[in-house]
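S.K.: Could you have a look at this structure, given as structure tokens, before my questions?
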Amino acid sequence: MKKLIAVFILLSIVFPKTEVFGITEREAAAADLTVPCGYSAEELSKGLSGELFCLAEDFFAAEEKYGVNALFLCAVAALESGWGKYCFRPNNIFGWSGKNFESKADCVDFVASKIAENYLSENGKYYSGKNLSGVNAFYNGNDFWETKVAEIMALISRRIEKSEKG
């Protein structure tokens, strides 16, 4: 027993406990995507990078207008466009149906409305649940997509929490 305690003490010195910031990938995957993310637009901007940084207000506005979690919207846009850097069509940061948009803000608004209507509404034609797995059933269908979106949601959340803690 003394050896076990000594090993535990040694491990706690060698590998000190670090504070975990934000949500985990598992929590992101299980989250109800119709529940607000809990961050302000200013806080969201601290978790974003690349070309998405300046769209925090738009993601937040879409969450308020359509009831789609802004952290989820940010993560999908980040995955689909390399953090806003690459668009298949003009301003299309979601790669949505090959559409062109007047601005990236218009794209955020349009895609949030379609996700709310078709994927997160119980009457939606692609509704299969309100979490990542439910949306992914018809949105993309690839487990890689679902895993990456959860990872990016967690990453953005950690960045926000870390910036808040100093």
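The values are calculated or read from the model by the stated rules, or taken from the named source; none is laboratory data. Model, not experiment: these values are computed from the prediction. Using ideal geometry, Cβ is built from the backbone for each residue, glycine included, and neighbour counts are taken over all protein chains shown.
S.K.: Among the residues of region 151-166, which ones are farther than 10 Å from residue 23 by Cα, in contact (Cβ under 8 Å) with a residue 60 or more places away in the chain and over 8 Å from the mean Cα position of the chain (by Cα)?
M.R.: Those that are farther than 10 Å from residue 23 by Cα, in contact (Cβ under 8 Å) with a residue 60 or more places away in the chain and over 8 Å from the mean Cα position of the chain (by Cα): 159, 160, 162, 163, 164, 165.
S.K.: If you don't mind, another one. In the set 101, 94, which member is within 16 Å of residue 52 (Cβ to Cβ) and in contact with a Pro (Cβ under 7 Å, 6 or more places away or on another chain)?
M.R.: 101
S.K.: Identify all residues within region 94-130 that are within 17 Å of the chain's Cα centre (by Cα) and farther than 19 Å from residue 65 by Cα; write none if there are none.
M.R.: 95, 96, 129
S.K.: Answer yes if at least one residue in region 86-101 is part of a helix (DSSP H, G or I), crowded, with 17+ Cβ neighbours inside 10 Å and among the aromatic types (Phe, Trp, Tyr), and no otherwise.
M.R.: Looking for residues that are part of a helix (DSSP H, G or I), crowded, with 17+ Cβ neighbours inside 10 Å and among the aromatic types (Phe, Trp, Tyr), one finds none in region 86-101, hence no.
S.K.: What are the pairs with Cβ atoms under 7 angstrom where one residue, in region 84-104, is on the phi > 0 side of the Ramachandran plot and touching a residue at least 12 places away in the same chain (Cβ under 8 Å) and the other, located anywhere, is assigned to a loop (DSSP other than H, G, I, E, B) and not polar (S, T, N, Q)? Sequence gap at least six, or different chains.
M.R.: 84/93; 91/101; 91/102; 95/88
S.K.: Additional query: Could you tell me whether region 50-69 includes any residue that is more than 28 Å from residue 118 (Cα to Cα) and modelled with pLDDT under 95?
M.R.: Scanning region 50-69 turns up at least one residue that is more than 28 Å from residue 118 (Cα to Cα) and modelled with pLDDT under 95.
S.K.: Take region 87-104 and flag every residue that is among the hydroxyl-bearing types (Ser, Thr, Tyr) and more than 20 Å from residue 139 (Cα to Cα). If you could, list the steps in order and put the result at the bottom.
M.R.: Going residue by residue through region 87-104, those that are among the hydroxyl-bearing types (Ser, Thr, Tyr) are 97, 103.
Result: 103, single match.
S.K.: Another question, if that's okay. Look at region 106-135 and say how many of its residues are touching a residue at least 60 places away in the same chain (Cβ under 8 Å), in contact with an Asp or Glu (Cβ under 7 Å, 6 or more places away or on another chain) and part of a helix (DSSP H, G or I).
M.R.: Total satisfying the criteria: 2.
S.K.: When you scan region 52-68, do you find a residue that is buried (at least 16 other Cβ atoms within 10 Å of the Cβ), touching an Asp or Glu at 6+ places or on another chain (Cβ under 8 Å) and closer than 18 Å to residue 154 by Cα, even just one?
M.R.: Yes, region 52-68 has at least one match.
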